[in-house]
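Shown next, in structure tokens, is the structure this report addresses.
Taken together, the values in this text are just the output of simple stated rules run on the coordinates, not laboratory data. Treat the numbers as computed from the prediction; the structure is a model and nothing was measured. Cβ placement follows ideal geometry from the backbone for every residue including glycine, while neighbour counts extend to all protein chains displayed.
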Amino acid sequence: MTSLFKKALFGAAITAGLGVGAAMAQDLVMGSTSPTSSHFTITVAMSKAIEKGISGANATVIETGASVDNVLRLARDEIDLGLATGGILIQAREGIGKFEGNAVPDTVAIYPYSASVLLTAVRADSGVKSFSDLAGKKFSPGIRGSAAESLISKAMGDFGIDVDLVHGTVGDAVEGIKNRHLVGYSKYGAGSSIDATLQELMTSTEMRLIGFNAEEEASILATSKGVGFATLPADLVPGSGEVRAPKVNVFFLTRVAVMDDDTAYNIAKAVHENIDILIEAWPKMASYDMAADAMATMDGGIAYHPGAARYWKEVAGK
């Protein structure tokens, strides 16, 4: 039975008045990112929230290359929903950036779950204190297929910095830094804290954060839709000063063509009403207002699945 056929039957059961609890079992595949990322951990928690909130649902989490890869997998109907940044969502819908000439216009958000900041970390002994210092050096721009890889690769070209970009997995980057093959890497982390990957690196390698200067920041803001900037405090990584870094909202996406309204509504509802499961896996979620951020990003122009939008508007009383 194909994924599309199962979805059609699931939607039909609800339409017929059976309700979520009586509907047939539904298999959902969730595209996440590398298992070493804290985003993978929260995705697993989301799968449990969905299974708790939708009777008969089975949500399976798979490793992917993150944002860009997830949208491509959605376009090929390989996954039912996947994480991606707001910037990648916009690129996919408009056919720009990584999706130039290959738009996926019905890509939509179901729910937001965090704001992520792009951390760029280099070995403290590398001599690198700015992006211009990366010229001629081997550097990992992010997980292959991720929003980080997309932004950094484009930025280096726009800035005219001839850096030797080494593409691969998070594991490749960590190993490359440890054996001194790479000077550093970029990766989106949850909020403005140090994620598990950088924490692991710092146990064996002295690292420093680097940021974008005012001219570089202005260039990114002018050319990358959905991207903002945040100031990371001094000594977030010991010995690093304040740095300016790209900041994006992160969502779980689907496509209108492959998910009916009731399924999208119930996924948003299940995750939101079982947020305690997410908080247990990711304590920082305790201070995150998912409903408020859903409405704020919707009002800010992020396209939501009609079914999910219906849920969030009900919660907000609109």
Where labels lie 7 Å past Cα in the beta-carbon direction, separation of E94 and F229 in nm: 1.9
Run through segment 207-286 and list the GluC sites (Glu not before Pro) located in a DSSP loop whose Cβ has at most 15 other Cβ atoms within 10 Å. E242
Using only DSSP helix segments of four residues or longer, with each worth -39500 (n - 2.57), what per-residue ellipticity at 222 nm results for the chain after dividing by its residue count and rounding to 500? -12000 deg cm²/dmol
Starting from a Cα-only point model with no solvent, please compute log10 I(q)/I(0) by Debye for segment 117-248 at q = 0.15, 0.23 1/Å. -0.62, -1.71
Tell me, what is the FRET efficiency for A222 and H167 to the nearest 0.05, using R0 = 35 angstrom and their Cβ-Cβ distance as r? 0.90
Could you tell me the center-to-center distance, by alpha carbons, between segment 195-235 and segment 281-304 in angstrom? 22
How far is helix 214-223 tilted, in degrees, relative to the longest principal axis of the Cα atoms in the chain, given as a value from 0 to 90 rounded to the nearest 10? 30
Taking other Cβ within 10 Å of each residue's Cβ, how do D69, D158 sort, fewest first? D158, D69
To the nearest 10 degrees, how steep is helix 306-316 against the longest Cα principal axis of the chain, on a 0 to 90 scale? 90
What number in nm² do you get for the chain if you take the convex hull of its Cα atoms and divide its surface by four? 15.8
Do any GluC sites (Glu not before Pro) in segment 96-183 lie in a loop, going by DSSP, with at most 13 other beta-carbon atoms within 10 Å of their beta carbon, and if so which? E100
Acute angle (nearest 10 degrees) that the helix 147-159 long axis makes with the longest principal axis of the chain, alpha-carbon atoms: 40
